[in-house]
Amino acid sequence: MQQTRLLVVGSAAGGGFPQWNCNCTNCQAVRQGDARYQPRTQSSIAWSRDGLQWLLLNASPDILTQLQRCAQLQPKTGKRDTGIAGVMLMDAQIDHVTGLVMLRENASALPVHATAEVFADLSDGLPLTKLLSHYCGIEQHLIEPDATGLAYQSITWSWLPDAHARVIPLHSKPPPYSPWRNNPRPGDNVGVTLINEVTGKRLFYAPGLGQLDEDVFACLQNADVVLVDGTFWTDDEMIAQGLGKKTAQQMGHLPQSGAGGMIEILSSLPASTRKILIHINNSNPILCEDSSERQILTDAGIEVAYDGMEIWF
Ligand code: MLT
Ligand code: MN
Ligand code: ZN
């Protein structure tokens, strides 16, 4: 098999779409079955070469529903057996890690790749490593700096041959429960380039991106597919809609519209780059498929990820 496959397991931000307690225009419309809206589960993707063994990137609280819907992720036939061969965490946010609890019946310790900062939050503020030690346990694989000390080491898996992942630190925010929430460190949030060595194609994934630097921009420029933070349309979206008190930037997300926004950044990439937004918050007007905001994305050649979307590269 030349190409690897990437499955969008969940395309919404924390809370999902609709969010259980939300009556914003979007959540009401999707709940009423308005055909212009598609429900979405919380943030997660999966990567495989053979379709039998998958790397799960982020484990969302919706994982059991997601596994029921994505038959691809359960191709195994052993009495107790899973297609999830490994997990990689991009941060320690609730929408990205609490699905690990639902995987507690795993036959052996779950192999989980994360930075020291993420494992620290998961052994303290949200002590999942300790909790799961009473069930299947977590086999911790530290995402470590490489010999230069400037980048992380490349990660390979025996069951994902001729492919590797390169992780980079992102400017965003650790979770609200982290002691580092207002004092972010490199390693609290990472992005990852997934590289298929057979086709030479690269996909860059960064569901939580607060601000761009040269290294992140280089990853965007060098990727054939970018799957990036689509949380908010405007910086004051939550405040303007009366849904919250924080700006997108305060939550570690770069809004799409406006000067220096995600649309402007994506538009500066080569026309051949496939540009996709993921981790969409339920307040975002792009969730309405005939909105003017969605049309702006379409005109800019930017797609919006949906649950079940497959990307081959
Ligand atoms: C975020 O990325 O800011 C979230 O989606 C927060 C959350 O999980 O509640
Ligand atoms: Mn999130
Ligand atoms: Zn809502």
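Each value in this text was obtained by applying a stated rule to the coordinates, not by laboratory testing. If you're wondering where the values come from, they're calculated on a predicted model, not measured in any experiment. With ideal geometry, Cβ positions are generated from the backbone for all residues, glycine too; neighbour counts draw on all protein chains shown.
Here are a few things to note about the model shown:
- Restraint check, K246/K275; K130/K275; K130/K246, Cα-Cα greater than 29 Å: K130/K275; K130/K246
- Label-zone membership for segment 103-122, site C136, 7 angstrom Cα→C-beta point, backbone N under 12 Å: 103-112
- Two-site FRET efficiency, F217 against Q249, from Cβ-Cβ distance with R₀ of 22 Å, rounded to 0.05: 0.75
- Prolate/oblate/rounded label for the chain (Cα gyration tensor, a/c 1.5): rounded
- Look at where the Cα atoms of segment 23-38 and of segment 131-205 average out, and the two centres are 35 Å apart.
- Farthest towards the positive end of the charge dipole of segment 5-306, among the residues P285, L131, C27, is the Cα of L131, using unit charges on the Cβ of Lys, Arg, Asp and Glu.
- Anchor K79: aspartates and glutamates whose Cα lies under 16 Å away (excluding residues fewer than 8 positions away in-chain): E105
- D162-A107 FRET efficiency (beta carbon distance; Förster radius 22 Å; 0.05 resolution): 0.20
- The chain, helix-only ellipticity at 222 nm - DSSP H runs n ≥ 4, -39,500 (n - 2.57), divided by all residues, nearest 500: -4500 deg cm²/dmol
- Exposure proxy ranking for E264, E214, based on other Cβ atoms within 10 angstrom of each Cβ and starting from the fewest, stands as E214, E264.
- Segment 5-306: relative contact order as a whole-number percent, Cα under 8 Å and 6+ apart: 16
- Counting every other Cβ atom within 10 Å of each residue's Cβ, K246, K130, K173, K79 order from fewest to most as K79, K130, K246, K173.
- The phi torsions of segment 90-107, fed into the Karplus equation with coefficients 6.51, -1.76 and 1.60 and a -60° offset, translate into couplings of 8, 6, 10, 5, 3, 5, 10, 10, 6, x, 4, 4, 6, 9, 5, 7, 3, 5 Hz, rounded to whole numbers, with Gly and Pro shown as x.
- In nm, spacing of pseudo-spin labels at R69 and L52 (7 Å Cα→C-beta vector): 2.8
- The magnitude of the dipole of segment 5-306, with charges of +1 and -1 set on the Cβ of Lys/Arg and Asp/Glu and taken from the Cα centre, is near 780 debye.
- Listed from fewest to most Cβ neighbours within 10 Å, the set Y152, Y306 follows the order Y306, Y152.
- Placing dummy labels 7 Å off each Cα toward the beta-carbon, the span from Q28 to N182 is 3.6 nm.
- Length gained on full extension, T77 to Q241, computed as 0.36 nm times the residue gap minus the Cα-Cα distance: 54.3 nm.
- Charge-dipole axis of the chain as Lys and Arg at +1 and Asp and Glu at -1 on Cβ define it, positive-most pick from P186, F217, I311: I311
- Where chymotrypsin sites (Phe, Trp or Tyr not before Pro) fall in DSSP loop in segment 4-92, at most 16 other Cβ within 10 Å: W20
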